1. May I ask you to evaluate 6.51 cos²θ - 1.76 cosθ + 1.60, the Karplus curve with θ = phi - 60°, for each residue of region 309-314 and list the ³J(HN,Hα) values in order in whole Hz, giving x for glycine and proline?
2. Residue by residue through region 244-251, which ³J(HN,Hα) values in whole Hz follow from phi under the Karplus form 6.51 cos²θ - 1.76 cosθ + 1.60 (θ = phi - 60°), with glycine and proline marked x?
3. What does the accessible area per residue of the chain come to in Å², with a 1.4 Å probe and no ligands, DNA or RNA counted?
4. For the chain, set up a GNM with springs between Cα atoms under 10 Å and report which of LEU171, LEU241, LEU70 has the largest fluctuation.
5. Keeping all protein chains in position, work out how much accessible area THR295 exposes to a 1.4 Å probe, and write it in Å² to the nearest 10.
6. Per residue of the chain, what 222 nm ellipticity follows from adding -39500 (n - 2.57) for every DSSP H run with n ≥ 4, rounded to the nearest 500?
7. Using the Cβ atoms and a cut-off under 14 Å, what net charge is assigned to the surroundings of ILE106, where Lys and Arg are +1 and Asp and Glu are -1?
8. Which net charge results when you count Lys and Arg as +1 and Asp and Glu as -1 among the other residues whose beta-carbon is under 15 Å from that of TYR57?
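The values are calculated or read from the model by the stated rules, or taken from the named source; none is laboratory data. Bear in mind the structure is a predicted one, so any value in this text is a computation, not a measurement. Every residue, glycine as well, gets a Cβ built from its backbone with ideal geometry; the counts of neighbours run over all protein chains shown. Each accessible area value is taken on the protein alone, full model and side chains, heavy atoms only, with ligands, DNA and RNA left out. Shrake-Rupley method; radii C 1.70, N 1.55, O 1.52, S 1.80 Å.
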Amino acid sequence: VLFSLQTHPVNLRILESGCDLIQRLSPMLPSRQPEVRSAVILFANSARSLDASTKAYHACLGALLSLCQLSDENKHEFANCRDELHNDICQVLISDASDLETKELICELYWCVSSVAGSTLGFIAKKIIDSMKYLPQNKQSSNYFEAACGTLTNLALDPENHMVLVDAGALTQIANAIQSFDFSDAVLSASCTALANLSTSSCIRSAIISHGGVSALVESMKSAPTSAEVQGEASRALLNLCDVSMEVRKVTTDHLFLFFDAHYRHDDIILQEIVSSMLSKLSKDGVCRKEMISTSRTYDVLVRLFKLHPSNKKIQKTSLLTLRNVSTESSITPILLNRGFLPLVVS
């Protein structure tokens, strides 16, 4: 098949049929053989030279995505292609002549490849972000925005890409996606994860806040209460942003009920650790602490964290820190004793 495609590079019918065949056979292909990696380069170069409106172009992208999904080696093979090739492919994203399905396929390709090669693909961020500005945000485009935000999420795994993403306008587009796709757990999950990854850089946090990141994260938790991924990633981002200012901590404290609901609804251990860490962090702040101790749910969740995760050192430590902080309020001691905290601390 590869020989035929190389022998007749300008025959679109042969290219379309060959790509379709490769795509169908991809689950059975030996992913580590040199021929497969050669096919990645062949399809990448073919895609660059084709008119994006043709069926052959779409088939070529589909075959390329299938091969990249086979192995990390294939992903790296595509990612290491010349920058000009990637720029030409991504140019389709901002072209009025290409349809939504084609743009979606391109974003899915880069979402796949950037999962292992995000550090080398930061330069594609601007075209992806620019494409998000002009596409209508509705149910028909939700798959595209999931793939676009998923790609930005992967790029944000590398701290060196953080300023690149911010300068390209990622924060505004991610916040807009959260507001426009409150009906899609998939888009919300990808968007919140992107903000959570970006929030790991302390120099980015103020920018996230100024672009409406805090309210967007809170709204995402309200919109997708049954999604552990949305709850966990939004909470992770807010946990980092609470380090920035009293205002953020106050907003978070006002919405503690969302964290409590997530704690009861989801068993995910990472989410449980984040809830425990959030209580510990907020309880250090005198204003937040007074609001925390005014609700009985704070004590209920603390007791539950102690009891459900006796062997998790992180949860035990942060829960003890929370308990230490709230016990500085003299009026709380009888409540803590009545709630049975003493045996939990001793154990």
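1. Result, rounded to whole Hz: 10, x, 9, 8, 5, 5.
2. Working through the residues one at a time gives 7, 7, 4, 4, 5, 5, 5, 4 Hz.
3. 44
4. Most flexible of the set in this elastic network: LEU70.
5. Accessible surface of THR295 is approximately 50 Å².
6. -22500 deg cm²/dmol
7. -4
8. Counting the neighbours of TYR57, the net charge comes to -4.
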